[in-house]
């Protein structure tokens, strides 16, 4: 099993990867179409949404009675949420999505890092309704974006 807080370092790595990618993307790159009608900017909006979800749930959890576990949320039923958020993600101006992706990643990473060991244990005991390992989701979509940009550079 990995170190209990190994996600902190991985979150930081993927957030910095996000920052580096966003910094070098042009507005044309941000508007590039990906699979299923998404754009790079919309995928960044998708990351914003899920990071913001974790941030909001942590904030609510901190206001809950002392020692209360985070709400149990079905982590496997997310397609309807993604589809619902897609129109909002597509409506974001591309550069706004890029900047907000970094700002939200920074905020959620600080909130995750600030959880006490007891809070981390309570989240684990509740079936991990909060995904503290934000890097997993970032990595998936940063790989997707970089692959699309590589295809563009090669003329595909």
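No value in this document is a laboratory result; all are computed from the given coordinates. Keep in mind the model is a prediction, meaning the values are calculated, not measured. Ideal geometry is used to build each Cβ from the backbone, glycine not excepted, and the neighbour counts take in all protein chains shown.
Could you work out how far helix 134-153 tilts from the main Cα principal axis of the chain, as a 0 to 90 degree angle to the nearest 10?
10
With a ≥ b ≥ c taken as the square roots of the eigenvalues of the C-alpha gyration tensor of the chain, please select rounded if a/c is under 1.5 and otherwise prolate if a/b is larger than b/c or oblate if it is not?
Prolate, because a/c is 1.5 or more and a/b exceeds b/c.
Taking Cα pairs under 8 Å and at least six residues apart, what relative contact order does the chain come out at, in percent?
Relative contact order, the chain: 40 percent.
Using only the alpha-carbon atoms, how far is helix 79-91 inclined from the longest principal axis of the chain? Give it as 0 to 90 degrees, nearest 10.
For 79-91 against the chain, the angle is about 50 degrees.
For the Cα atoms of the chain, what angle does the longest principal axis make with the long axis of helix 6-24, in degrees from 0 to 90, nearest 10?
Approximately 20 degrees, to the nearest 10.
Ranked highest first by average number of other Cβ atoms within 10 Å, how do 122-129, 51-58, 13-20, 37-44 line up?
Averaged packing, sorted descending, gives the order 37-44, 51-58, 13-20, 122-129.
Using the alpha-carbon centroid of each, what span in Å lies between the stretch 88-156 and the stretch 15-43?
Using only Cα atoms, the two centres lie 13 Å from each other.
Please compute the modelled spin-label separation between residue 19 and residue 36, points set 7 Å along Cα→Cβ, answer in nm with one decimal.
For the pair residue 36/residue 19, the computed spacing is 2.9 nm.
Helix-derived [θ] at 222 nm for the chain: sum -39500 (n - 2.57) over DSSP H runs of at least 4, divide by residue count, nearest 500?
Computed ellipticity for the chain at 222 nm equals -23000 deg cm²/dmol.
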